[in-house]
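Undergrad: Here it is, the structure, as structure tokens.
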Amino acid sequence: MTDTPTDQPEAAPAPGPTEQLHGAYVTRPRGELVLHTVPAEYLGLVEQLRTDGYWLCVDLCAVDYLGSSADRGLPAEVEPQRFEVVVNLLDPASRSRVRLRCQVPGDEPVVPSLFAVHPGTEAPEREAFDLFGVVFEGHPDPTRILLPEDWEGHPLRRDADPGRIPVQFKAASNSR
Amino acid sequence: MTATDTPRTDAPAPVLDLGALDAARARLTSDQAVLRMSEHDAEQLSGYQGPTEEGLADRMIMNMGPVHPSTHGVLRLVLEMDGETVLRSKPVMGYLHTGMEKQAEQLSYLQGPTNVTRMDYASPLFNELAFSLATETLLGIEVPERAQWIRMLMTELNRISSHLLFMATNGMDIGAVGMMLYGWREREEVLRFFEMVTGLRMNHNYIRPGGVAADLPDGWRDEVRSLLEVIPERLEEWDTLLTGQPIWRERLQGVGVITTEEALSLGATGPILRSTGMAWDLRRDQPYLRYDDVEFDVVVGTYGDCFDRYAIRLAEMYESMKIVRQCLDKMPAGDYRVQDKKVTPPPRARIDESMEALIHHFKIFTEGYKVPEGEVYVAVESPRGELGCYIVSDGTSKPMRMHVRAPSFVNLQTLPHMMRDSFLADTVAIISSVDPIMGEVDR
């Protein structure tokens with residue numbers, strides 16, 4: 001199931017309904033296979049793909065699209081939300097990859113945890129919670145992983161200020 | 001080495017069935033190995049614990065690290081001990097977290113490699129490579145032939161230097177302190193070549209979107225040839241020194257065993273997955289650059305123990321040297337970076353004679369270049385496993401989101417399962433065999 005890269009520009013508005021796989025909409029930007037899903041169908045889809053041979057959950061991360069007006073490459077049927085949970089799966093036998101993009105609403109960022117399907121998502125899910133505040137329901141250890149336990153806020157959200165430390169020059173007086 | 005101990009090469013991918021994978025998953029999720037205890041509790045409860053009503057016998061909670069010579073930097077382990085035996089454990093990380101993924105959103109694509117190169121500081125070129133490949137995919141540019149071969153040459157040498165570092169630290173952790181000096185000495189030889197090419201021993205910022213920063217300098221062939229003469233000799237010495245040595249074997253064989261199904265379920269890649277007998281190497285299975293055009297073997301183990309992981313890394317250095325030799329033979333002439341005015345700064349000499357070139361130079365280095373909208377995931381085989389880079393572009397000159405799939409971060413999840421029911425002294429050997437680099441774990 002290797003995808004041959006097409007010469008067509010990405011996300012050309014396809015005439016007619018978008019292709020589906022296990023009930024999820026399919027796009028193929030630059031030859032990569034991408035499935036679009038929502039929190040309610042997400043867990044079942046990953047389990048289904050695992051029985052299809054996508055045994056290795058390579059990566060899980062979150063993306064915050066707050067304030068972005070860019071084209072996100074979503075099919076017309078998928079309603080864009082603030083957050084996305086992006087999961088990369090790998091099928092070692094057929095050497096193919098698939099990427100899941102799960103739309104997660106900003107006012108209720110909750111998705112089911114993949115721990116029961118792929119135990120290897122434990123740390124990446126903790127990271128996504130830590131940095132974006134996406135809650136993974138059913139996670140065995142829903143705590144912060146990179147930041148201190150008493151940290152407030154989720155720094156990789158677009159509305160989190162990166163903050164600055166003023167440069168201190170040796171010769172400058174501290175009267176500023 | 002006897003025949004049974006020699007790592008096999010080029011084994012076919014084992015046929016796995018879903019039932020075995022399900023069984024491994026049930027084992028892994030049953031909570032027998034991972035200690036789910038908050039960092040605060042681990043500090044409070046540190047010391048003797050009486051038997052609990054839930055049926056746990058008396059045991060001891062112990063904090064190992066974050067400042068411990070065998071934890072490779074700042075990894076902390078919370079261990080639940082029964083006497084000298086480890087029951088459950090939990091790796092605690094984040095002591096080196098510096099927000100590099102957030103930082104990447106403030107930096108242009110041209111500045112990106114400077115940032116990512118600091119993640120896995122033992123193999124910086126791989127980080128740059130993953131980032132550059134992802135950016136190039138979004139830009140839709142094809143890098144010149146020579147640049148691809150230079151990238152291959154440099155990353156394979158980097159794989160050698162990274163494994164040399166592993167040999168050094170692994171020896172030190174296990175008590176073969178002499179090995180630390182030898183490993184460090186040979187790594188320095190490779191880093192000297194890097195310094196000659198990139199100007200820096202580490203954190204090179206050499207591989208950039210569009211190609212590499214500079215062409216290989218005069219005399220690079222002689223330098224590489226002398227490396228290829230020195231290193232195999234030394235590897236032979238180490239093989240004699242360590243591989244057959246009874247103490248070394250006692251410390252590593254049968255320690256930290258993991259199965260293929262467990263490794264797959266936990267997302268472990270690289271030498272950990274290969275040590276279980278599964279031949280999975282992105283260089284062969286999903287080739288990037290020009291790996292299609294070179295001959296090399298994928299080295300796999302049999303038992304999935306610490307010794308296999310040591311032997312695989314030792315053997316992989318020979319394979320990398322094979323690739324480096326082929327790079328020497330096949331290095332084509334041509335450009336070392338793409339001639340695309342949008343992403344390539346003008347040559348230095350042009351800046352002195354042309355106002356337009358100066359403006360062009362200034363614009364590229366201050367504003368950067370715009371990258372088309374879209375998202376992409378690109379993976380390369382780093383010395384520690386699959387190193388992925390996920391970039392979301394919103395059409396501006398800075399990524400909207402840049403995420404690095406760090407192999408060490410994921411591989412650390414195998415620790416509690418490999419350490420279950422082993423001795424405390426073995427934990428040191430097990431941590432060492434995972435070869436985590438905390439810079440990329442915490443990012």
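Undergrad: For a quick check of your reading: which strands (runs of 3 or more DSSP E) sit entirely within segment B:1-102 and have at least 1 residues that are modelled with pLDDT of 85 or more and either closer than 24 Å to B:Asn170 by Cα or out of contact with any helix residue (DSSP H, G or I) (no Cβ under 7 Å at 6 or more places or on another chain) (or both)? Before the answer, list the steps.
TA: Values: elements: B:47-49, B:59-64, B:76-82, B:85-92.
Per the criteria, B:59-64, B:76-82, B:85-92.
Undergrad: Let me ask something additional. Is it true that B:Val392 is of a type in the set (A, V, I, L, M, F, W, C), touching a Lys or Arg at 6+ places or on another chain (Cβ under 6 Å) and within 8 Å of another protein chain (Cβ to nearest Cβ)? Break it down into steps so the answer makes sense when it comes.
TA: Details: of a type in the set (A, V, I, L, M, F, W, C): yes; touching a Lys or Arg at 6+ places or on another chain (Cβ under 6 Å): yes; within 8 Å of another protein chain (Cβ to nearest Cβ): yes.
Considered against the rule, which asks whether it is of a type in the set (A, V, I, L, M, F, W, C), touching a Lys or Arg at 6+ places or on another chain (Cβ under 6 Å) and within 8 Å of another protein chain (Cβ to nearest Cβ), B:Val392 comes out as yes.
Undergrad: Among the candidates B:Ser108, B:Ser89, B:Ser123, single out the residue that is in the same structural domain as B:Ala311 (by TED's automatic domain parsing) and either β-branched (Val, Ile, Thr) or buried (at least 22 other Cβ atoms within 10 Å of the Cβ) (or both).
TA: B:Ser123
Undergrad: List the number of the failed condition for A:Phe129; all other conditions in (1) under 21 Å from B:Glu105 (Cβ atoms); (2) within 7 Å of chain B (Cβ to nearest Cβ); (3) not charged (D, E, K, R) hold.
TA: Of everything listed in (1) under 21 Å from B:Glu105 (Cβ atoms); (2) within 7 Å of chain B (Cβ to nearest Cβ); (3) not charged (D, E, K, R), A:Phe129 misses just condition (2).
Undergrad: Among the residues that make up segment B:135-143, is at least one of them in a loop (DSSP other than H, G, I, E, B), among the hydrophobic types (A, V, I, L, M, F, W, C) and surrounded by 22 or more Cβ atoms within 10 Å (Cβ to Cβ)?
TA: From segment B:135-143, those in a loop (DSSP other than H, G, I, E, B) are B:140-143; that's our starting set.
Pick out the ones that are also among the hydrophobic types (A, V, I, L, M, F, W, C) and you get B:141, B:143.
After this cut, where a residue has to be surrounded by 22 or more Cβ atoms within 10 Å (Cβ to Cβ) as well, the list is B:143.
Yes.
Undergrad: Now for a different question. Answer with yes or no whether B:Gly183 is within 30 Å of B:Asp421 (Cα to Cα), without any contact (Cβ under 8 Å) to a residue 60 or more places away in the chain and not aliphatic (A, V, I, L, M).
TA: no
Undergrad: Looking at (1) within 12 Å of another protein chain (Cβ to nearest Cβ); (2) surrounded by fewer than 17 Cβ atoms within 10 Å (Cβ to Cβ), which one does B:Leu96 not meet, given that it meets all the others?
TA: Status for B:Leu96: all satisfied but (2).
Undergrad: Give me a count of the residues in segment B:203-262 that are outside any helix (DSSP H, G or I) and among the β-branched types (Val, Ile, Thr).
TA: So the answer is 6.
Undergrad: From B:Pro372, B:Pro407, B:Pro416, grab the single residue that is surrounded by 21 or more Cβ atoms within 10 Å (Cβ to Cβ) and over 14 Å from A:Asp59 (Cβ atoms).
TA: Residue meeting the stated conditions: B:Pro416.
Undergrad: Any residue at all in segment A:73-86 that is within 12 Å of chain B (Cβ to nearest Cβ), part of a loop (DSSP other than H, G, I, E, B) and closer than 17 Å to B:Val392 by Cβ?
TA: Going residue by residue through segment A:73-86, those that are within 12 Å of chain B (Cβ to nearest Cβ) are A:73-74, A:83-86.
Add one more test, that the residue is part of a loop (DSSP other than H, G, I, E, B), and what stays is A:73-74.
From what is left, the residues that are closer than 17 Å to B:Val392 by Cβ are A:73-74.
So far as segment A:73-86 goes, yes, one or more of its residues are within 12 Å of chain B (Cβ to nearest Cβ), part of a loop (DSSP other than H, G, I, E, B) and closer than 17 Å to B:Val392 by Cβ.
Undergrad: A:Arg158 versus (1) at pLDDT 90 or above; (2) surrounded by 12 or more Cβ atoms within 10 Å (Cβ to Cβ): which is the lone unmet condition?
TA: Here A:Arg158 meets the rest and fails (1).
Undergrad: Follow-up question, since we're still on this one. Just one of the numbered conditions (1) crowded, with 22+ Cβ neighbours inside 10 Å; (2) in a strand (DSSP E or B); (3) in contact (Cβ under 8 Å) with a residue 60 or more places away in the chain; (4) out of contact with any Leu (no Cβ under 6 Å at 6 or more places or on another chain) is not true of A:Gln103; which one?
TA: (1)
Undergrad: Considering (1) on the phi < 0 side of the Ramachandran plot; (2) out of contact with any Ser or Thr (no Cβ under 6 Å at 6 or more places or on another chain), say which one B:Arg384 fails and leave the rest.
TA: Going through (1) on the phi < 0 side of the Ramachandran plot; (2) out of contact with any Ser or Thr (no Cβ under 6 Å at 6 or more places or on another chain) one by one, B:Arg384 breaks only (2).
The values are calculated or read from the model by the stated rules, or taken from the named source; none is laboratory data. Since the structure is predicted, the reported quantities are computational estimates derived from the model, not experimental observations. Virtual Cβ from ideal backbone geometry, glycine too; neighbours counted across all protein chains shown.
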